[in-house]
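The values are calculated or read from the model by the stated rules, or taken from the named source; none is laboratory data. No experiment lies behind these values; they were computed from the predicted model shown. Reconstructed Cβ throughout: ideal geometry from the backbone, glycine too, with neighbour counts over all protein chains shown. Surface accessibility is based on the protein's heavy atoms, side chains included, excluding ligands, DNA and RNA. Shrake-Rupley method; radii C 1.70, N 1.55, O 1.52, S 1.80 Å.
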Amino acid sequence: DLQLSEAVCLHNFKQPLNALIEKIVEQHTGQEPLTIIDVGAGSGGMLLDVAKSVQPAVKNAIFVAIDPSKVSRQACRRKAQENPQIAMHVAAGSIESPAEILQTLKAKNIPTKHAILLAKAALHDRTLSPKRAMDNDRGDWYIEPQNPQATGHNYVYRDDKWKQISRQQVMDDMITVLNTWKQEMPSGKLIILESHILPTRTIHEQINRIALLPAYLSHSLSAQYMLSANDHQKATQKAGFKKQQFIPLQVMPDQNALMSVTLLED
């Protein structure tokens, strides 16, 4: 599963991700290290690919693989051992706990003043408790459609107690996570690499036309809080960052995107 996920990410995200990081690296002219943190690093393949593209330009770059899975961390350590020329550190952590991650990096003397956070599918692969869903209800800026069938958005989200929650609550929780990172890492940049769920009408129109769509949909059914590209962009726009660059990927004929890359910065 780790190898398949890595292959899919490299195939779809490599070019736009490296293009964004290349522009950031061009602006990094100081002597202080540039730290790139991959939260939800999986097997570490994408972080390693980024490291190989960054190192020629930034000699003092540091790379950190963060994942809550012990299996993933073991795979990342194997990657680090196979590539000793790259300063790759591995630690436990999850996207919802930036303070804990940054404390771990501080204990390892890893600087974070100039940092890029990569969030690869980490925002949809998390747990939302009933309390967090209730606390983050921002009903003033988003209203559920009166007729979900008409809009094609008839998918269902549930919290960790299996109680149904709204798209709005999922989006609000994502905003909270992003703003927590902004607060903890105010000078950092966030690059979000996400997959998206498709509206039902798009699936009906394209299911027999796109060969890999059934496999993609089976993956999305196992994702906890995968949003549509439109909902994802609305949520990132509501986060407290001054700048946003949103790049849709694998766009369907009706303009719904299967994936996207988003850069958030001040």
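Limited to segment 139-188, what total is found for residues that are modelled with pLDDT of 90 or more, open to solvent by 70 Å² or more (accessible area, probe 1.4 Å) and more than 30 Å from residue 106 (Cα to Cα)?
Residues that pass the stated criteria total 0.
If you scan segment 98-117, which residues turn out to be outside any helix (DSSP H, G or I) and buried (at least 18 other Cβ atoms within 10 Å of the Cβ)?
Once the filter is applied, which keeps residues that are outside any helix (DSSP H, G or I) and buried (at least 18 other Cβ atoms within 10 Å of the Cβ), segment 98-117 yields 110, 112, 114, 115, 116, 117.
Would you say residue 5 is in contact (Cβ under 8 Å) with a residue 24 or more places away in the chain, under 26 Å from residue 96 (Cβ atoms) and open to solvent by 50 Å² or more (accessible area, probe 1.4 Å)?
Considered against the rule, which asks whether it is in contact (Cβ under 8 Å) with a residue 24 or more places away in the chain, under 26 Å from residue 96 (Cβ atoms) and open to solvent by 50 Å² or more (accessible area, probe 1.4 Å), residue 5 comes out as yes.
Give me the pairs: first residue in segment 167-180 and in contact (Cβ under 8 Å) with a residue 12 or more places away in the chain, second residue open to solvent by 10 Å² or more (accessible area, probe 1.4 Å) and assigned to a helix (DSSP H, G or I), beta-carbon distance under 6 Å, and six or more apart or on different chains, which are they?
173/132; 175/238
Here's the yes/no breakdown for (1) out of contact with any Phe, Trp or Tyr (no Cβ under 6 Å at 6 or more places or on another chain); (2) of a type in the set (S, T, N, Q); (3) without any contact (Cβ under 8 Å) to a residue 24 or more places away in the chain:
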| residue | (1), (2), (3) |
| --- | --- |
| 40 | yes, no, no |
| 44 | yes, no, no |
| 47 | no, no, no |
| 50 | yes, no, no |
| 56 | yes, no, yes |
| 60 | yes, yes, no |
| 70 | yes, no, yes |
| 81 | yes, yes, yes |
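If I filter segment 56-63 for residues that are in contact with a strand residue (DSSP E or B) (Cβ under 8 Å, 6 or more places away or on another chain), assigned to a strand (DSSP E or B) and of a type in the set (A, V, I, L, M), do I get at least one hit?
Yes, segment 56-63 has at least one match.
Say whether the condition of being within 23 Å of residue 182 (Cα to Cα), open to solvent by 80 Å² or more (accessible area, probe 1.4 Å) and in contact (Cβ under 8 Å) with a residue 12 or more places away in the chain is met by at least one residue in segment 16-25.
Looking for residues that are within 23 Å of residue 182 (Cα to Cα), open to solvent by 80 Å² or more (accessible area, probe 1.4 Å) and in contact (Cβ under 8 Å) with a residue 12 or more places away in the chain, one finds at least one in segment 16-25, hence yes.
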